[in-house]
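Visitor: Dropping a structure here in C-alpha cells format, bear with me for questions.
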C-alpha cells in the first residue's frame, strides 16, 4: 500500500528525522569522548599494595594514603559524572527535541492554518457560496493573499448576482415568449371556429347545425391543450423533495410500458431482483417521460429497448430508440427548461426528468445520432445492502 | 499521589531519553518475591534487592565515602498511611585493610566483610519484623532508595538514584490476601 504524506506531515517527519539524527550523532560523539577519558583514567592502575608499604615517616604514609583516597574519589566521581552526563544529556536532548517540535509545529500551524482556511474557502466558492471573508491578519504574504482572496470573492459574488439577474430576465423573456406562443397556438383555431359558427349563424343556419359538432370539438380540443400546458408548468414548479426507498426498477418499468406494448415494440431486459434507492413516484415520472419522448421521436416502426444492469455499486438503465435522433446543437439544450424541438412540446418534459434525476442523486446522459436514434443512460445508486 | 505521578513522569522521560540518545542502561533494581507473615500483632517481611548494585557501584563504594541504602515500610489503612518505618543499610570501604563495613540499622549490627560479592549479598537482604495489629493494616509498601553521596575532595554531591534510573524498587503487600506486586 502506497502511503501519501501530506505536506505538513512530510515536513514534520523530515524535521524530526534530521533533528533526531543530528542530536543522536552529537550525543554519541560527546559520550564517546567521555568514555575515552574514563578509559584513560582506568589505565592509571594504582597498585593498591602501595598503601601497605611502610614509609619512612608518618607524614609520608599519610600523604600516600591521601593520594590513593583522592584517586579513588576521582575515579568514583568520573564514573558518576559519566552516568550523570549520559542520563541528563539524553533527557535534556529529549526535552529539547519535544520543545523544538512543539515550537516548530506551532509555527508551522500558523503558516498552514491560513492555507487550510483558503482550501475550505475555495471549496465553498466551488459550491457557490461567495459569502466568504478570510481574516486579514498573519504574516505579510498571507495577509496579502487573504486580502486578494476576499476581493476576488466579493467580485465573484457581484458577478454572480448580475448573472442571476440577467439569467432571470432572459428566462422570463423566454417564458413570456413561449407562453404567448403556446397560448396563441390554440387561440387561433378557437377563434376561427367561433368566427365560422358566427358566420353560419348569420348566413346559413342549417349549415350551422352541421358544422357545430366539429367546431365545438375543435374548441374543446384546444381548451384541453391549454389545460395540459397549464398542468405541465404547474408540475414543473411543484417537484417535491424525494422520498427515497428501496424499489425494483423492473416492476415500475413493466407498469409504464404496459399501455404502449400492444402498439409499439418495447423490450425490457435486466435482473428482476435488482433494487435501487429512488423515489418511486419520481422514477415513474422519469421513465414515463423518456418512453413518451422516444415514441414521439419515432416516425414509424417504433422500437424501444430498455436494458438495466448492475455495474460496481451502481445500476445503469439504458433506454434506446430508433427515432429520428437529436442534432448535436439540440443535444446540448435538451435538458434546459422550455426548450423543445417538437412542434407541440412545452419544453418541460426533459427539464423535469433532469431535475428529478438530480434530486435523487442519480445521473443522466444522452447519446444520439441523426437518423439512427437516441439512447438515454441513467446511473442510480444500488440499495445499501448491495453496496 | 502527586509524588508517585511525578516519579512516573520523571522515570518515563528519563527512560525515553535514554532509549533515544544513550547506551546507558543503569540498574533495574527490584525486590524478589517476598516471604511475608502476618500474625495477630506481628509482621515479618523477608526479601532481597536484585540487580541494584551492578555496573559502577564497586568504584563508587571504593571511594571510601559512606553509601546509604534507605528502606521505607509504609503501613496503610483505607488508603491513608498509618505508620512509616525507615531504616537503612550503609557501607564504608576501608582502604587500609581492603574491607567493607556494613551497617544494618534494623538489626543494629555492624559487619566487616572482605569479599565484595559477600558484601552485596548481605547488603541486599531485607529481613524485618515489627509489631502492629493486623486489623490496623490493609496494605504494606516497601520501597528502597539510595541516599545522595558527597565526595568531599571534589566538593560535589551526586544523586545516586540516577544509578537506578530514578526508579525506587517497590513491593506492595495486601495484608488480607498476602497478594504482592513487584
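Visitor: Relative to the longest principal Cα axis of chain B, at what angle does helix B:2-21 sit, 0 to 90 degrees, rounded to 10?
Guide: So the helix axis and the longest Cα principal axis differ by about 40 degrees.
Visitor: Between residue A:228 and residue A:194, how high is the FRET efficiency from 1/(1 + (r/R0)^6) when r is the Cβ-Cβ distance and R₀ = 25 Å? Nearest 0.05.
Guide: Values: r = 21 Å, r/R0 = 0.84.
Efficiency at R0 = 25 Å is approximately 0.75.
Visitor: Also, quick follow-up: Please give the peptides B:100-108, A:281-289 ranked by average Cβ packing (other Cβ atoms within 10 Å per residue), highest first, as a rough proxy for protection.
Guide: A:281-289, B:100-108
Visitor: Average partner chain C-beta neighbours within 10 Å, per residue of B:8-15? Walk me through the intermediate numbers first.
Guide: Numbers: counts 0, 0, 1, 0, 0, 5, 5, 3.
Averaged over the peptide's residues, the number is 2.
Visitor: Compute the relative contact order of chain B as a whole-number percentage, counting only Cα pairs closer than 8 Å that sit 6 or more residues apart in sequence.
Guide: Rounded, it is 25 percent for chain B.
Visitor: Calculate the mean, over all residues of peptide A:68-75, of how many other protein chain Cβ atoms lie within 10 angstrom of the residue's Cβ.
Guide: 6
Visitor: Measure nothing but the geometry: give the 0 to 90° angle between the long axis through the Cα atoms of A:349-359 and the longest principal axis through the Cα atoms of chain A, rounded to 10°.
Guide: In chain A, helix A:349-359 runs at an angle near 20 degrees to the longest axis.
Visitor: Would you compute the Debye intensity of segment B:2-177 from its alpha-carbon atoms alone, equal scatterers and no solvent, and pass along log10 I(q)/I(0) at q = 0.10, 0.13, 0.14 Å⁻¹ to two decimals?
Guide: -0.44, -0.74, -0.84
Visitor: Once label points are set 7 Å from the Cα along Cα→Cβ at both residue A:167 and residue A:105, what is their separation, rounded to one decimal in nm?
Guide: 4.5 nm
Visitor: Here is a follow-up. Helix A:205-237 versus the longest principal axis of chain A: what angle, 0 to 90°, nearest 10, using Cα atoms?
Guide: Rounded to the nearest ten degrees, it is 10.
Visitor: Using a Förster radius of 22 Å, what is the FRET efficiency between residue A:300 and residue A:261 based on their Cβ-Cβ separation? Nearest 0.05, please. If you can, show how the numbers build up before the last one.
Guide: Details: r = 17 Å, r/R0 = 0.77.
Once rounded, the FRET efficiency stands at 0.80.
Visitor: Obtain the nm distance between the two label points defined at residue A:16 and residue A:133 by a simple spin-label model: each point lies 7 Å from its Cα along the Cα-to-C-beta direction.
Guide: Here the modelled spin labels are 4.0 nm apart.
Visitor: Something else about it: Mind giving me the FRET efficiency for residue B:156 and residue A:152? R0 is 60 Å, r the Cβ-Cβ distance, nearest 0.05 is fine.
Guide: 0.35
Visitor: How large is the direction-averaged shadow of the alpha-carbon convex hull of segment A:91-192, in nm²?
Guide: 9.7 nm²
Visitor: Shielding by partners for A:91-101, please: the mean number of other protein chain Cβ atoms within 10 Å of each residue's Cβ.
Guide: Counting Cβ atoms of other protein chains within 10 Å of each residue's Cβ and averaging gives 3.
Visitor: To continue, here is another question. So what's the gap between the Cα centers of segment A:202-247 and segment A:267-343, to the nearest angstrom?
Guide: So the separation of the two Cα centres works out to 26 Å.
Visitor: Related question: Please report the Cα spread of the protein assembly as shown along all three principal axes, rounded to whole Å, starting with the longest.
Guide: For the protein assembly as shown, the Cα extents along the three principal axes come out at 169, 64, 41 Å.
Visitor: Between residue A:40 and residue B:87, what is the label-point separation in nm under the 7 Å Cα-to-beta-carbon projection?
Guide: Result for the modelled spin labels: 4.7 nm.
Bear in mind that the values in this text are calculations on the coordinates, not laboratory data. None of the values given here were measured: they were computed from a predicted structure. Note that each Cβ is placed from the backbone with ideal geometry, even for glycine, and that neighbours are counted across all protein chains shown.
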